[in-house]
Amino acid sequence: MYFIDVQGTLISDEDKFPIAGSREFINRLNEKNIPYMVITNNTKKASQNFLAYLNEIGLDFDAKKYLDPLMLLASRVSKEAVAAYGAAEFLDTLQNMGYVFEYTHPKTVLIAIKENFTADEYAQMIDFLLEGAKLVGMHETSIYAKNNKRYPGVGAILKMLEFATSSSYDVVGKPSVTFYKEALTRLREQNPQAEFQDITIISDDVKGDLGGAKELGMKTIFVTSGKYKNADEIVPFLDEKHKPDFVYKNMQDILSRHEMEKK
């Protein structure tokens, strides 16, 4: 059984089209009736729109096998008095979901990703947190990759703000325990006996997604088709308990070398 990341794993960070082997991997799971969930930290597009896009580019799975943070947000963050930070598309999506923005005395500071946060935005976040606002990240990715550049991910920004203000934070998407438990609940619609130790998770975020998953007992596959150019950039520097069980170039490499039938 599998949990499968999207950006950098199934689709390229550069052109948003399928990475080699992605369509074939999903098709193989479908053919063999192997339970799986596609779990993404998408926050820019409405959930149904992003799922529709993935289907349009040939990734053949339905809504029962899909989960992103926007689908859990209403249960985790009040829609009132939110100071939201992220790409314009994310902010538009929040407003369409009924979130009310407040940049004077917000109750929540909600952070997604973009590549061009300013020092003034960070200063504003710090002021709000010191005034008592709650800090929430849409996810906890380590690195954000775009246009052949790598930026601090939401997880890195949350850690910075935590250090600056001594504020704790919550995370909606991966690798939060709540998100993974919801993915497991949905996976059990395919196999009622599923447990975390039965699942192999595949992601390009070895420090974020896979570290949290490994702590829950999942097997981990790190693909170097996204945030990292090769495993040597990051794996040697991880704690032993967080190092991935397998490292592959991409989904095609997994198809060629990994015995999926045993999962």
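Just so it is clear, none of the values below were taken in a lab; they were calculated from the coordinates. Since the model is a prediction, treat every value here as computed from it, not as a measurement. FYI the Cβ positions are ideal-geometry reconstructions off the backbone, even for glycines, and counts take in every protein chain you see.
Skipping prolines and chain starts, which residues have an amide H placed within reach, meaning under 5 Å, of the one on Tyr248, given they are 5 or more residues away or on another chain? Hits under the 5 Å cutoff: Phe222, Val223, Thr224.
Considering only beta bridges that DSSP places wholly inside the chain, some 15 percent are antiparallel.
Dipole magnitude for the chain: computed about the Cα centre from +1 point charges on Lys and Arg Cβ and -1 point charges on Asp and Glu Cβ, it is near 400 debye.
Helix 22-32 and the longest principal axis of the C-alpha atoms of the chain enclose an angle of approximately 60°. Evaluated at q = 0.12, 0.15, 0.23 Å⁻¹, a Debye calculation over the C-alpha positions of the stretch 75-171 (equal weights, vacuum) places log10 I(q)/I(0) at -0.34, -0.54, -1.30.
Given the -39500 (n - 2.57) contribution per DSSP H run of 4+ residues, what per-residue ellipticity at 222 nm results for the chain, rounded to the nearest 500 deg cm²/dmol?
Working: 9 runs with 83 residues, N = 263.
Using -39500 (n - 2.57) per qualifying helix, the result is -9000 deg cm²/dmol.
Pairs over the 21 Å Cα-Cα cut-off, from the set Lys149/Lys229; Lys32/Lys65; Lys146/Lys229; Lys32/Lys249; Lys64/Lys243; Lys114/Lys146: Lys32/Lys249; Lys64/Lys243.
Mind sorting Val235, Val77 by how few other Cβ atoms lie within 10 Å of their own Cβ, fewest first? Please report the intermediate quantities before stating the final value.
Working: Val235 17, Val77 20.
Least crowded to most crowded, the residues run Val235, Val77.
When the chain is treated as a GNM with alpha-carbon contacts under 10 Å, the residue of Pro18, Pro192, Pro244 showing the greatest mean-square fluctuation is Pro192. Positive end of the dipole of the chain (Cβ unit charges, origin at the Cα centre): among Ile143, Ile26, Gly226, the Cα lying farthest that way belongs to Ile26. For Gln7, the residues 5 or more places off, or on other chains, whose built amide H falls under 5 Å of its own are Asn41.
Would you mind telling me the antiparallel percentage of the DSSP bridges in the stretch 75-171, rounded to 5?
Details: 4 of 16 bridges.
Here the share of antiparallel DSSP bridges comes out near 25 percent.
The alpha carbon centroids of the stretch 160-191 and the stretch 5-34 are separated by 23 Å. Across Glu240, Glu14, Glu189, mean-square fluctuation computed from a Gaussian network of the chain (C-alpha pairs under 10 Å connected) peaks at Glu240.
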